[in-house]
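**Q** Below are the structure tokens for one structure; questions will follow.
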Amino acid sequence: MASVAYSLSVKHLQIATSGELRDGQTIKFQFVRDGERTDGFLARFSGEVVAYENKCQHIAINLDSEGGNLFSRDGNHFICQSHGAIYEPLNGLCVRGPCEGETLRKLEIEICDEKIWLTEPATRIIRSG
């Protein structure tokens, strides 16, 4: 029997431009995956751009559920405003708090021609304020 290879085409959805995201800054957005809205965020830390689902690993609520910044006051970590869980920005690892050792769910992105693209299977992007 002959084998058949299938390839899944992933739609690239633009989240932001590189110029919109300065070091120590985040951009929050929602995307639709499998018909469900999911909160995410972009961050630039030490010159690197990363993207994660905006969901604490302790309890499934947004890290910034109280409407504040995702970065800690010193700008060296992401912090859950509800429980105080502290995450490393470049790998999403919780280094202190109720979910120590867990990691934020990383979102796949690409930067091309100064545009930041979500490459996860999704149907649309909604930018947050």
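A short reminder: the numbers here are calculations on the coordinates, not readings from a lab. Since the structure is predicted, the reported quantities are computational estimates derived from the model, not experimental observations. Because the Cβ atoms are built from the backbone with ideal geometry, glycine has one as well, and the counts that use them run over all protein chains shown.
**Q** Along its principal axes, what span do the Cα atoms of the chain show, with the longest given first and each in whole Å?
**A** Projected onto its principal axes, the Cα set of the chain covers 56, 36, 25 Å.
**Q** Restrict the search to segment 19-95; then list the GluC sites (Glu not before Pro) that DSSP places in a loop and that have at most 16 other Cβ atoms within 10 Å of their Cβ.
**A** Answer in residue order: GLU66.
**Q** If the chain between ILE111 and ILE61 were fully stretched, how many nm would it gain, using 0.36 nm times the residue separation less the Cα-Cα distance?
**A** 15.2 nm
**Q** Only residues of segment 29-54 count here: report those whose backbone N is under 17 Å from the spot 7 Å along Cα→Cβ of ILE126, or say none.
**A** 29-42, 53-54
**Q** Mean separation of Cα pairs under 8 Å and 6+ residues apart, divided by the residue count of the chain: what relative contact order is that in percent?
**A** 30 percent
**Q** Below 17 Å, Cα to Cα, which aspartates and glutamates can LYS115 reach? Residues fewer than 8 away in the same chain don't count.
**A** GLU20, ASP23, GLU48
**Q** Same structure, new question: Compute the length gained on full extension between ARG22 and ARG37: take 0.36 nm times their separation in residues and subtract their Cα-Cα distance, giving the result in nm to one decimal.
**A** In short, 2.8 nm is gained.
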